[in-house]
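Below is one structure, written out as C-alpha cells; the observations come after it.
Values quoted throughout were computed directly from the atomic coordinates according to the rules given, and no laboratory measurement underlies them. Keep in mind the model is a prediction, meaning the values are calculated, not measured. Here Cβ is always computed from backbone atoms with ideal geometry, including for glycine, and neighbour counts include all displayed protein chains.
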Amino acid sequence: MLPADLLAALCLVVLIEGLLLFAAPDTWKRTVAELLSQPSPRLRAIGAGMVIVGLVALYLVRGGGAG
C-alpha cells in the first residue's frame, strides 16, 4: 500500500492537470504539440531538471536543513 502522503501528492498532480485542461484547453494543446516537436534528449534533460527541482523543493518544504 502506498503511504498516504504519496497518494495525496498524486491526487494534487491529477487536480492541477485537470485544472489546466479545464481552464485553458487550447493552451494545453499548443504546449503538448510543442513538446512533441522537441527531441527526446531535450525532453529528458528538462525532465531531469524538474526532478531535481522537485526533490530540492520537497526537502525544503519538509523542513530539511532546518536546525
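Listed values, structure above:
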quantity	calculated
Matching residues in the stretch 9-32 - criterion: being surrounded by 10 or more Cβ atoms within 10 Å (Cβ to Cβ), in a helix (DSSP H, G or I) and small (Gly, Ala, Ser)	Ala9, Gly18
Of all residues in the stretch 33-46 being surrounded by 10 or more Cβ atoms within 10 Å (Cβ to Cβ) and in a helix (DSSP H, G or I), the one that is nearest to the chain's Cα centre (by Cα)	Ile46
